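The values are calculated or read from the model by the stated rules, or taken from the named source; none is laboratory data. Since the structure is predicted, the reported quantities are computational estimates derived from the model, not experimental observations. Because the Cβ atoms are built from the backbone with ideal geometry, glycine has one as well, and the counts that use them run over all protein chains shown. What goes into the accessible areas is simple: the full protein's heavy atoms, side chains included, and nothing from ligands, DNA or RNA. Shrake-Rupley method; radii C 1.70, N 1.55, O 1.52, S 1.80 Å.
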Amino acid sequence: MQSYQQMSKEELCKIKEGLEKEYAKFQGMGLSLNMARGKPSAEQLDLTMPMLDTINSSSELVAEDGTDCRNYGGVDGLPEAKKLIADMVGSTPEHVIVYGNSSLNIMYDTVSRSFTHGVMGNTPWCKLDKVKFLCPVPGYDRHFGVTEYFGVEMVNVPMTAEGPDMDLVEKLVSEDESIKGIWCVPKYSNPQGVVYSDETVRRFAALKPAAKDFRIYWDNAYAVHHLFEDDQAEILDIITECEKAGNPDMVYEFCSTSKISFPGSGVAAVVTSEANVADIKKQMTNQTIGHDKINQLRHVRYFKNKDGIMQQMMKQAAIIRPKFELMLKKFDEELKGLEIGTWIEPKGGYFIGFDALEGCAKAIVAKCGEAGVAMTPAGAPFPYHNDPKDSVIRIAPTFPTLDELETATEIFILCVKLVSIDKILENK
């Protein structure tokens with residue numbers, strides 16, 4: 001396939017003419033397709049429906065420690081729920097606090113608590129002149145939304161194939177006391193699908209921050225979200241590595257079952273040092289008498305253990321994998337060699353990150369929208385929605401049906417080609 005970059009103006013204009021006719025056909029179809037957010041499809045949600053039958057009005061709702069799950073109490077979660085979560089992320093129950101349904105809610109609470117009451121006896125952030133967070137980019141827009149809401153100054157750190165640029169991370173955190181945290185999605189990162197290398201995890205654990213209350217916000221959202229049964233990424237346990245490095249309190253790990261069971265009705269948790277657990281529980285005892293223990297019990301009785309979770313995730317993968325394969329195959333067939341975009345083939349997670357030509361992302365997303373395909377807004381994977389190169393597009397292939405996804409992918413590729421040709425012609 002000949003590169004668009006090498007073509008003459010006349011050749012590009014002729015190709016553009018044909019592409020515009022194809023695009024007009026799609027515009028006339030009145031489509032409404034959605035690749036905007038990483039939502040499970042209805043077919044995936046159907047997999048978990050039997051969970052609703054594990055508990056009913058005749059069930060004995062007593063936890064293994066004798067807790068009556070219908071009543072108050074158990075502020076930090078049922079023992080069996082802690083064990084299930086710990087096994088899922090490769091930790092141990094004493095490090096776990098089980099919350100309600102949302103890990104994002106826990107992250108928000110953690111930032112909020114740091115502002116109002118400080119971190120383990122340190123000065124509350126609200127009393128400081130400046131608070132900064134490091135933000136590996138491209139990254140998760142909702143992370144950046146939390147810190148932006150609290151007025152935190154966000155500092156971009158480039159992602160590499162092994163995780164964030166650790167030379168830069170080490171330099172910045174060691175020199176600047178106002179840097180209080182870093183957002184991380186260490187496994188199948190959002191949106192690129194990057195997996196942090198062992199060296200990256202160890203370098204995180206060995207950080208020497210200037211701020212005593214610096215914390216790594218380790219959002220292990222895709223801990224078990226593999227696309228393949230025989231090719232699964234594994235990462236080191238950050239809790240263990242921080243203990244080995246003499247920094248046991250430096251990390252908050254977040255996780256949930258939102259894309260394992262039911263989004264919005266799952267179980268979320270924070271995994272951290274015992275000292276951090278004690279510090280967090282001081283707030284929680286004033287915030288809640290306990291989260292939904294019946295839901296925790298439902299999850300434990302349905303999944304039973306990590307093996308049960310992994311069996312569920314392979315059923316999920318059987319539904320999701322063909323969607324990723326379809327889209328990546330079309331990219332290879334239609335875009336490879338044109339020199340108008342690059343992408344990483346993820347082994348898990350929920351997204352494909354597409355790098356368009358500089359200055360093209362917003363135009364591509366807008367053009368998709370005009371043809372009836374909703375995409376994540378360009379710029380979303382960056383703090384303040386500001387992609388300096390206007391090139392990164394996050395694609396979420398899980399929600400549409402295969403037929404819908406095929407159409408959406410064709411439209412996306414058309415838009416990439418059309419916008420890229422316009423950009424190249426500008427420079428001819």
- Rounded to the nearest 10 degrees, the helix 9-27 long axis (Cα) sits at an angle to the longest Cα principal axis of the chain of 60
- Item | Potential lengthening between Leu61 and Lys244 on full extension [0.36 nm per residue; Cα-Cα distance subtracted] | 61.9 nm
- The answer for segment 1-87, accessible area per residue at 1.4 Å probe in Å², is 61
- Message: How tilted is helix 103-117 with respect to the longest principal axis of the chain? Cα atoms for both, answer in degrees (0 to 90, nearest 10).
- Response: 60
- Message: Can you compute the charge dipole magnitude of segment 170-240 about its Cα centre, using +1 on each Lys and Arg Cβ and -1 on each Asp and Glu Cβ, nothing else charged? Give it in debye, rounded to the nearest 20.
- Response: 380
- Item | Potential extension, Glu229-Ala318 segment - 0.36 nm per residue separation minus Cα distance | 31.1 nm
- Between the modelled labels at Lys329 and Gln2 (7 Å from Cα along Cα→Cβ) the distance in nm is 2.8
- Task: Could you list the GluC sites (Glu not before Pro) in segment 351-428 that lie in coil according to DSSP, counting only those with at most 12 other Cβ atoms within 10 Å of their Cβ?
- Result: Glu358
- Among Ser189, Ile289, Gly18, flag the residue with its Cα farthest along the positive direction of the charge dipole of the chain, charges on Cβ as +1 for Lys/Arg and -1 for Asp/Glu. Ile289
- Task: Keeping every protein chain in place, order Lys304, Lys323, Lys171, Lys259 by accessible area at 1.4 Å, biggest value first, i.e. largest first.
- Result: Lys304, Lys171, Lys259, Lys323
- When a/c is below 1.5 the answer is rounded, else prolate if a/b is larger than b/c, else oblate, so apply that to the chain with a ≥ b ≥ c taken from the square roots of the Cα gyration tensor eigenvalues. oblate
- Task: With only Lys, Arg, Asp and Glu charged, each at its Cβ (+1 for the first two, -1 for the last two), find how big the charge dipole of the chain is about the Cα centre; round to the nearest 20 debye.
- Result: 720
- In this structure, among Lys132/Lys362; Lys180/Lys259; Lys82/Lys132; Lys9/Lys423; Lys187/Lys362, pairs with alpha-carbon gaps over 21 Å are Lys132/Lys362; Lys180/Lys259; Lys82/Lys132; Lys187/Lys362
- Accessible-area order (highest first, 1.4 angstrom probe) of the listed residues Ile182, Ile55: Ile55, Ile182
- Task: Normalise the Debye intensity by I(0) for segment 367-428, one equal point scatterer per Cα, no solvent, then take log10 at q = 0.28, 0.30 Å⁻¹ and round to two decimals.
- Result: -1.20, -1.24
- Task: Would you rank Leu52, Leu84 by solvent-accessible area, highest first, keeping every protein chain in place and using a 1.4 Å probe?
- Result: Leu52, Leu84
- Query: Rounded, prolate or oblate: which one fits segment 148-299, using the alpha carbon gyration tensor with axes a ≥ b ≥ c (rounded when a/c is under 1.5, else prolate when a/b beats b/c, else oblate)?
  - Reply: oblate
- Modelled label reach - Ala42, point 7 Å along Cα→Cβ, segment 387-428 residues with backbone N closer than 12 Å: 400-401
- Task: Once you've got the Cα coordinates, tell me which of Lys315/Lys347; Lys25/Lys347; Lys16/Lys323 are over 25 Å apart.
- Result: Lys25/Lys347; Lys16/Lys323
- Listed residues Ala211, Ala24, Ala361; largest mean-square fluctuation, Gaussian network over the chain with Cα springs below 10 Å, found at Ala24
- Item | Tilt relative to the chain, helix 402-426 - C-alpha long axis, 0 to 90 degrees, to 10 | 60
- Item | Dipole magnitude of segment 93-185, debye to nearest 20 (Cβ charges: Lys/Arg +1, Asp/Glu -1, about Cα centre) | 380
- Residue-level accessible surface for His117, protein heavy atoms, 1.4 Å, Å²: 140
- Query: When the helix-only estimate is applied to the chain (DSSP H runs of n ≥ 4, each -39,500 (n - 2.57), divided by the residue count), what is the mean residue ellipticity at 222 nm, nearest 500 deg cm²/dmol?
  - Reply: -13000 deg cm²/dmol
